[in-house]
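Inspection log for the structure reproduced underneath, given as structure tokens.
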Amino acid sequence: MEVRKPMTFVRVALDVPLPRLFDYRADDATAADIGLRVQVPFGTGTKCGVIVDVTASSDQPAEKLKPVAAILRDMPPLPPDWLALCEFCSRYYQHPLGQVMAFALPPLLRKGKLPREKKINPRAAVDTPALPALLPEQQAAVEAITSAQSFTAFLLHGVTGSGKTEVYLRAIDALLAQGKQGLMLVPEIALTPQLEQRVSNRFPNAHVVAAHSGVADAARARGFLDTLAGRADIVLGTRLSVFMPLPRLGLIVVDEEHDASFKQQEGLRYSARDVAVFRAKQLGIPIVLGSATPSLETFHHAQAGRYRLLELPRRAVAAAPPTVRIIDTRKEKLQDGLSAALIAALSERLARREQSLVFLNRRGYAPVLVCPACGWVSRCRRCAANMVLHLADRRLRCHHCGLEAAIPRACPGCGNQDLHPFGRGTQRLEAALAERFPAARILRIDRDSASTPAKWQALLAAIHAGEADMLIGTQMLAKGHDFPRLTLVGVVGADEALFAADFRSPERLFAQLMQVGGRSGRHNLPGEVLIQTEYPAQPLYRAVVEHDYAAFARNQLNDRQAAGFPPFSYQAMLRAEAPEMAQAIDFLHAARAAAEPLAAAVIALYDPVPMRLARLKNLERGQLLVESQNRPALQAFLAAWMALLREFKTPRELRWHLDVDPAEY
Ligand code: ADP
Ligand code: ZN
Ligand code: ZN
């Protein structure tokens, strides 16, 4: 009898939308190849995937399996904890493993390539800069973090300027001294360059890798390889850097942990903050979540004792917090949307040659153009939304799909030539201020005026050089910038967010107001914040006046608990889109019917409804909310449900996805 040579198979995760692995023959493969990239035949071509297992048997008949094209041994294998991290994301977010890995790998590596080598000139060791003495609260925080021997989640709560970053840097310093690696996640904002600078100034001898969307492909792949090989000491980046392989990872920091940009809104809909917490738990290391206005999820964990609360109650550089005043606009007739009190405060600043900022979180000239004669309004023909009037370049523009049109000379409905802008955006405010303060140098900062990083940097430079007296800005300007001569912040048009349909809207508004308020009076000049509102008694505004995050959070958590919203429940959203709303809703009804036998008593299935933005780019959109107080039960249900849904025969033009822990409703 002929003795058959034992066969070896590799199980490969491929970037295809199927929740399974693919087996191939690879007779020279050994267990050491797990985590390597591999080229395999797939369909009529080849694909690059990742080997997640090497086995002596396959579920499929061996003669049906094709051999691999090539195992790519030109890069160290992805380590087991990285594979496990991807597996966790695949399970938790119900996303195929191969697609999770494809997302987590830089594009070049995903395609089976390697970046060209780049010569790095060895640098002479540089003296590290002298450090300021820590405040007692900072000292206590650093000690707590550096003495954590196993998984501990810390919530570092302190207003902007309270010295949180200094705490991160000290903790990282201690880490580097032990030969470990640090990972620091920051929101997706134009602020990363400043922080990068601060980190590399602080650690001139450390190898710092930046990972964000602004990093070019080759550099991104090189950064990934440097961390994989253990050459990098610190990774600093936006949400995607949570997937960087770090063999000696000793600490994770998530700065501005409440920031919405940590949640990805397409493809793999992960929350980098939550994945970071999982990763710290997996590795048994500490994680620091820092914020002036923590997410209610995180604050709730801290209240319940699952996270350790570290408080930095005062600003590190002596500066009193700004005085916040509420301007009750019910009692007066506003002039171009501005109250007499705000106008007076702006004139004062102008006279004193100090800077002011008027915060209005709505760009464009006016949110809509209307015909008073027949009621026509400028709607987007592709979305259930209005076209925003942009007078700066004389266009109507949909902020959801980007569709543009010329401003009609006359009403398309009735021919009336007297069309009116309705409501107010940053451009209109700019025009009003320019008229009222002709001597003032006014700068508008929003996504239109700062449409490229270069324009944005130029605007920032102009502000810093003192070339502007008045700034008009959206939330773009709220974050992290330090403008020495800025002493007044006026807030207009914020009320809308109080009553928005999304239950997280007040949380976001509070964070924005605290952030934008923190822009004023950061140095020796006292700061003032004026908030115009028709709802002066709102607890949210009272909490801003008192600088009392805890009061706001308790109030919100009570509301959330009464309504059974997160963090008192866990949610998942099934969304569908199709040319007709009926198709989307029918699919969701069918999905709901399929869910019923699977859903235990602890799972609540809501009714399918149109989304708030019911049409986007000519597609009608519906959603179905699933909720439970029991996370493992919800997870088990979602897995079983997804298996059924993937078998559904749906019309070609219908698309659907599941969003676990949705952040938008
Ligand atoms: P946050 O991250 O909370 O906004 P930072 O760490 O950036 O605060 O600190 C704000 C400013 O105060 C920075 O300029 C920082 O260098 C400075 N700073 C922080 N801690 C101290 C300290 N203990 N002594 C002196 N200056 C400090
Ligand atoms: Zn008309
Ligand atoms: Zn549109």
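The values are calculated or read from the model by the stated rules, or taken from the named source; none is laboratory data. Model, not experiment: these values are computed from the prediction. With ideal geometry, Cβ positions are generated from the backbone for all residues, glycine too; neighbour counts draw on all protein chains shown. Accessible surface areas use protein heavy atoms only, side chains included; no ligands, DNA or RNA. Shrake-Rupley method; radii C 1.70, N 1.55, O 1.52, S 1.80 Å.
For the stretch 16-49 versus the stretch 519-575, the inter-centroid distance based on Cα atoms is 50 Å. Spin-label pair Asp502-Glu546: with each label point 7 Å from Cα along the Cα-Cβ axis, the two points sit 2.7 nm from one another.
Of the residues Met75, Leu185, Gly250, the one whose Cα sits farthest toward the positive end of the charge dipole of the chain, with +1 on the Cβ of Lys and Arg and -1 on the Cβ of Asp and Glu, is Met75. Here the label points at Lys281 and Ala344, each 7 Å from Cα along the C-beta direction, are separated by 5.5 nm in the simple model.
Using a Förster radius of 30 Å, what is the FRET efficiency between Lys118 and Asp81 based on their Cβ-Cβ separation? Nearest 0.05, please. After rounding to 0.05, the efficiency reads 0.65. The slack in the chain from Ala32 to Ala461, taken as 0.36 nm per residue of separation less the alpha-carbon distance, amounts to 149.2 nm. With respect to the chain, whose longest principal axis is taken over its alpha-carbon atoms, helix 549-563 is tilted by about 70°. Under 12 Å from a label point set 7 Å out along the Cα-to-Cβ vector of Gln561, no amide N atom of the stretch 498-537 is found.
All other residues with a Cβ under 13 Å from the Cβ of Val324 taken together, and with Lys, Arg as +1 and Asp, Glu as -1, what is their net charge?
0
Roll a 1.4 Å probe over the protein chains and send me the accessible area per residue for the chain in Å².
Numbers: 29960 Å² over 665 residues.
Per residue, the chain has an accessible area of 45 Å².
Any chance you could give the angle, 0 to 90 degrees and rounded to 10, that helix 192-202 forms with the longest Cα principal axis of the chain? Once rounded, the angle reads 70 degrees. Both radii are taken from the alpha-carbon atoms of the stretch 486-554; with Rh as the Kirkwood radius, Rg/Rh is 0.97.
Using the Cβ of Arg37 as centre and a radius below 11 Å, the other residues enclosed give a net charge of +3, where K and R count +1 and D and E count -1.
From the Kirkwood radius over Cα pairs of the stretch 570-660, Stokes-Einstein at 20 °C and 1.002 mPa s returns a whole-number translational diffusion coefficient of 163 µm²/s. Dipole size of the stretch 317-468 about its Cα centre, with +1 on Lys/Arg Cβ and -1 on Asp/Glu Cβ: approximately 280 debye, rounded to the nearest 20.
Among Lys47, Lys281, the sequence by solvent-accessible area, most first, with a 1.4 Å probe is Lys281, Lys47. Counting only the Cα atoms, the stretch 105-170 fills a convex hull of 207 Å³ per residue. Positive-end ranking of Val10, Tyr92, Val54 along the dipole of the stretch 9-110, with charges on Cβ about the Cα centre, is headed by Tyr92. Summary value for the chain: 11 percent relative contact order, contacts being C-alpha pairs under 8 angstrom separated by 6+ residues.
Computed about its Cα centre, the charge dipole of the stretch 166-238 is approximately 140 debye, with only Lys, Arg, Asp and Glu carrying charge at their Cβ.
How would you classify the stretch 327-401 from its alpha-carbon gyration tensor, with a ≥ b ≥ c the square roots of the eigenvalues: rounded for a/c under 1.5, else prolate if a/b is greater than b/c, otherwise oblate? Because a/c hits 1.5 or more and a/b exceeds b/c, the stretch 327-401 counts as prolate. I'd like the carbon and sulfur percentage of the solvent accessible area for the stretch 570-660, probe radius 1.4 Å, heavy atoms only, ligands and nucleic acids excluded. Within the stretch 570-660, the accessible surface is 53 percent carbon and sulfur. Size descriptors for the chain: radius of gyration and Dmax over Cα atoms are 27.3, 102 Å. Using a simple spin-label model with pseudo-atoms 7 Å out from Cα toward Cβ, Leu598 and Ala373 lie 5.7 nm apart. Can you give the translational diffusion coefficient of the stretch 9-110 in µm²/s, computed by Stokes-Einstein from the Kirkwood radius over Cα pairs at 25 °C and 0.890 mPa s? Rounded to a whole number, D works out at 181 µm²/s.
Would you please give the FRET efficiency between His589 and Ala431, computed as 1/(1 + (r/R0)^6) with r the Cβ-Cβ distance and R0 = 35 Å, to the nearest 0.05? Mind showing how you got there, number by number?
On the way: r = 49 Å, r/R0 = 1.40.
Given R0 = 35 Å and the Cβ-Cβ separation, E is 0.10.
Summing Lys, Arg as +1 and Asp, Glu as -1, what charge do residues with Cβ under 15 Å from the Cβ of Tyr549 carry, Tyr549 excluded?
Working: positive: Lys164, Arg314, Arg315, Arg508, Arg542, Arg554; negative: Glu256, Glu257, Glu297, Glu311, Glu507, Glu546, Asp548.
Summing Lys/Arg as +1 and Asp/Glu as -1 gives -1.
I'd like the carbon and sulfur percentage of the solvent accessible area for the stretch 505-563, probe radius 1.4 Å, heavy atoms only, ligands and nucleic acids excluded. Spell out each step's value before the answer.
On the way: 1080 of 2330 Å².
The nonpolar share, carbon plus sulfur, comes to 46 percent.
Rounded to 0.05, the FRET efficiency of the Thr128 and Arg231 pair, given R0 = 25 Å and the Cβ-Cβ distance, is 0.80.
In the context of the full protein assembly, Val545 retains an accessible surface of approximately 30 Å², using a probe radius of 1.4 Å and ignoring ligands and nucleic acids. Remark: the Cα gyration tensor places the stretch 71-148 in the oblate category, a/c being 1.5 or greater and a/b not exceeding b/c. Dipole magnitude for the chain: computed about the Cα centre from +1 point charges on Lys and Arg Cβ and -1 point charges on Asp and Glu Cβ, it is near 1120 debye.
Counting only protein heavy atoms, what percent of the accessible surface of the stretch 136-312 is carbon or sulfur at a 1.4 Å probe? It would help to have the intermediate numbers written out before the result.
Numbers: 2890 of 5750 Å².
Percent of accessible area from carbon and sulfur atoms in the stretch 136-312: 50.
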